[in-house]
Structure formats: structure tokens, C-alpha cells
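Every number here is computed from the coordinates shown, using simple stated rules; none is lab data. Note that the structure is predicted; figures quoted are calculated from it, not measured.
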Amino acid sequence: MFKAPRGTRDILPQERTYWRYIEEKAAHLCQLYGYQPISTPVFEDYQLFAHAAPDGTDIIKEMYVFKDRSGQELALTAEGTAPICRAYLEHGLFNLPQPVKLYYVTSAFRYERPQAGRYRQHHQFGVEAIGDADPALDAEVIELMHRFLSSLGLSGLSLEINSIGCRQCQPAYVEALKKYYVAFKNQLCPDCKVRLARNPLRLLDCKEASCQEIIAGAPKITDYLCSECQTHFQSVQKYLTELGIACQLNHRLVRGLDYYTRTVFEAKPEGEGVQIALVGGGRYDNLIEELGGKPTPAIGFAAGIERIIITLKDQNIAIPPLPEPVVYVAYLGAEAKLETIKLVSRLRHEGIAAIQAIGDKSLKGQLRQANSLGVKYTVIIGEREVENKTAVLRDMASGEQKNISLSEIARLIKKR
Ligand code: HAM
């Protein structure tokens with residue numbers, strides 16, 4: 001028997017109700033905030049992601065990379081931001097009034113060790129606002145994220161924010177951090193030893209208990225921000241306060257991808273234990289330039305749909321069910337079957353969701369199926385009904401049955 005590959009999941013119809021709920025809320029809010037939908041391919045040139053996340057970062061190590069038959073090196077989409085920036089450049093979206101505001105729902109593939117809320121294929125709802133450094137845009141994006149989570153009915157989430165500076169001020173901080181860490185070199189966990197050499201900012205993000213005390217004493221990046229970054233961050237915080245959005249400043253917050261600058265933020269469920277982020281985002285003011293465009297500031301976030309569903313379930317949030325079919329049409333005999341086929345087609349044409357009895361189930365078996373589908377009405381056509389051009393209409397809630405002309409069924413159901 002085949003099974004879905006490790007770290008991937010089938011999404012069965014029951015689970016799909018959550019997806020529909022989330023995607024509808026996302027699309028509605030994006031429309032309110034002026035974000036337009038965009039989709040990009042499921043695989044891209046490997047170098048696109050390599051630009052966004054240099055060697056040594058987790059995401060590069062986790063990438064699904066392959067060569068196609070022409071020998072081109074491709075990678076399955078690992079995250080949504082780099083492809084959107086590629087599309088922004090490729091289609092000249094920089095010629096439009098800026099910022100260009102886009103949203104997407106995408107699959108993302110990362111070869112991670114699967115565990116609860118961590119998959120090898122996951123899905124993200126993300127937004128990207130490209131083309132302006134105004135802190136008001138940071139506040140807008142964070143407000144959109146906040147409203148998205150609360151519109152789903154989620155509560156008890158913590159929203160953390162930090163600024164990790166820019167090309168001018170970040171290097172001095174990284175130097176200070178390295179200098180501080182050198183003294184603890186022998187006490188570091190194996191991952192942090194690598195981080196110290198390759199990606200020092202990520203030292204702050206280590207979850208190992210043995211590294212926590214070291215992190216607590218590390219210099220704070222906000223003490224190293226240049227005056228522009230400082231002013232920018234102060235404005236972002238001021239706007240968020242004015243909007244009534246409570247953010248906790250977390251000096252340790254750095255992000256897993258390398259393209260971030262200035263504002264970074266994450267939303268997590270509150271509480272003890274290992275916390276996994278539901279949403280993560282921030283500014284990436286250099287990425288478009290690194291991909292070959294003009295200097296173009298930008299900001300966005302992505303929410304992990306599977307993790308949001310886990311949290312919706314944890315918080316017992318009721319999701320509106322998918323609409324059920326209205327009518328089930330059962331039959332007895334070959335001639336009745338022909339009438340059934342025509343009637344179901346007519347009902348659907350009239351916009352009534354109808355299910356046709358398929359196969360050679362007994363009438364009892366057909367009615368059992370009608371019951372399990374939760375239809376409001378069952379229509380039964382037997383030999384006598386074929387002769388009279390009628391059917392039996394059964395109201396499933398009350399059990400009431402009546403004989404009705406075939407041509408009247410659609411009108412009656414619609415009326416009710
Ligand atoms: P990210 O933090 O790598 O950011 O991923 C965004 C969200 O995707 C996470 O907060 C989490 O909910 C979900 N996620 C990540 N990895 C997994 C996984 N293995 N299994 C399940 N869910 C996962 C980005 O991808 C950036 N592109 C976000 C962004 C947009 N920044 C600016 N614009």
C-alpha cells in the first residue's frame with residue numbers, strides 16, 4: 001500500500017472546512033486592505049532561494065532541489081517571499097504606483113524532521129507590500145495579521161516585535177554579538193557553534209536550555225540601531241499603540257530567513273512549553289536589490305495554515321460546516337433510474353444541490369445513504385411514479401411524505 005510521503009498530509013473533506021474558513025477570511029481582509037491575489041509556480045530556479053537564504057541557513061539545507069531533464073537546477077518553493085519578488089521584477093510591477101500590495105496562498109516545501117505542526121509540505125497565507133519604507137506600512141501589515149488571527153476567533157496569542165537594523169547598523173551589532181559569544185564558545189550547543197561561525201544573529205533564537213543563560217546576557221540589537229532605524233522602529237511602535245495592537249518587544253526575536261532588515265515580528269500561542277510561531281514576517285528592504293532590481297524596501301508576513309488549524313482545534317473554535325446537498329434522489333427499477341438521471345440534472349440546473357443514487361443499492365440502502373449525507377429531502381421514484389410522472393417527496397426532518405408531480409419538485413424545494 002502506498003502512503004503519503006513522510007511529512008506530508010492528505011487534507012480530507014472534513015479538514016477542508018477549516019481551509020475554506022481560513023482562506024475566505026484571508027481573502028476578505030486582503031480586499032479590505034487593498035492587497036491583490038497572486039500565484040507563483042510551485043518550483044523556481046534554485047538560485048532564487050539561494051539568494052534569499054545564503055549557505056548555511058536552515059532553509060537552504062532543507063530545500064528540495066532537483067535537476068530537470070534539461071539539467072536546470074530547480075527547487076520546490078520553500079517560502080513565498082522570494083518568488084513574489086521575482087514576479088515583481090519580472091513583470092515590471094515597479095512601474096505601478098508603489099507600494100504594490102499582494103497576497104497568496106502557497107505550498108512550501110522544507111525537508112524538516114516531521115513533528116506536530118512541522119511538515120515537509122506546509123501551506124502559507126502570506127502578504128507582501130513592496131515599494132515603500134514608510135513605518136505606516138509596517139503598522140498596516142502587522143494590523144492585518146492581527147485582524148486576520150482575531151477574525152478567525154483565535155485568542156490568547158502573543159505578538160512579538162523587534163528591529164534588527166539595516167546594512168549600516170547590523171554589522172556592528174553582529175560583531176558585538178560574536179565578541180560576546182567567543183567567551184562561551186565551549187559551552188555552546190553544537191548548532192550554536194555552527195551559528196557563531198555562519199549566522200550569528202540566529203544564536204539568539206536557540207531553544208536549547210544550555211544556551212538560554214548565554215542568550216539572556218547577550219547585547220541587545222536595539223542598542224545598536226542607527227538613528228534612521230531607531231526612528232523607524234519608534235514610529236512603527238507608536239502607530240501600533242495608536243491602533244490598539246499590543247506587541248511585546250522581544251530583543252531576541254530574529255527570523256529564520258536571512259533577508260530581513262528592520263522590523264521583524266511573530267505571533268505565537270501563549271503559554272508554557274515549546275512555542276511554535278503561527279505567523280512570521282518582517283521587512284526585507286534589500287532583497288529586491290539582491291535579486292537584481294533597484295533598491296526597493298518591502299515588508300510582509302506568512303501564516304502557516306496547518307498551525308492555525310491546530311490552534312483553532314486547540315481553542316475549540318466552531319467552524320461553519322460546508323453546505324450539505326439538499327436532495328437525494330432514489331429509485332426503484334430501470335425506468336425509474338432514467339427519470340432519476342434526468343431529474344437530478346434538472347435540479348442541479350436550477351441551482352439545487354442534488355445527489356443521485358448510484359449503483360444497484362436496495363431502496364433501503366439508498367435511504368441509508370440519504371440519511372448519512374444529511375439531505376433535507378429525499379425524492380423516490382418507483383414504477384408507479386414513472387407512469388404518473390410523479391415522485392414521492394420525503395421531508396427528512398419531519399418524515400412527512402407526499403406525492404408530487406416531477407415538474408413541480410424544483411419549484412417546491414426552492415420555495416421551501
Ligand atoms: P517562515 O517563518 O519561515 O517565514 O514561515 C511562515 C510560517 O509558516 C511560520 O510562522 C509557520 O506558521 C509556517 N511554517 C514554517 N515552516 C513550517 C513547517 N515545516 N510546517 C508547518 N508550518 C510551517 C516565511 O516563510 C517568510 N516568507 C514570511 C514572510 C513573508 N516574511 C516576509 N514576507
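Using a cut-off of 21 Å between Cα atoms, the listed pairs Lys61/Lys220; Lys3/Lys313; Lys25/Lys207; Lys238/Lys294; Lys61/Lys207; Lys25/Lys101 include Lys61/Lys220; Lys3/Lys313; Lys25/Lys207; Lys238/Lys294 as exceeding that distance. Centroid-to-centroid, using Cα positions, segment 28-99 and segment 307-366 are 40 Å apart. Across every pair of non-identical alpha carbons in the chain, the mean reciprocal distance, once inverted, gives a Kirkwood radius of 24.9 Å. With the convex hull of its Cα atoms as the shape, segment 41-200 has an orientation-averaged projected area of 13.0 nm².
For the chain, the membrane-span-like helix rule (DSSP H, alpha carbon extent of at least 20 Å along the helix axis, mean Kyte-Doolittle at least -0.5) picks out 135-151, 334-349; this says nothing about an actual membrane. For the chain, the 222 nm mean residue ellipticity estimated from helices alone, with every DSSP H stretch of n ≥ 4 adding -39500 (n - 2.57) and the total spread over all residues, rounds to -11500 deg cm²/dmol. What whole number of Å gives the distance from the Cα centroid of segment 123-142 to the Cα centroid of segment 156-230? Each part reduced to its Cα centre gives a spacing of 24 Å. Take every pair of alpha-carbon atoms less than 8 Å apart whose residues are at least six positions apart; their mean separation over the length of the chain yields a relative contact order of 15 percent. Per residue, the convex hull spanned by the alpha carbons of segment 327-415 comes to 84 Å³. Across segment 327-415, the mean sequence separation of Cα contacts (distance under 8 Å, 6 or more residues apart), normalised by length, yields a relative contact order of 31 percent.
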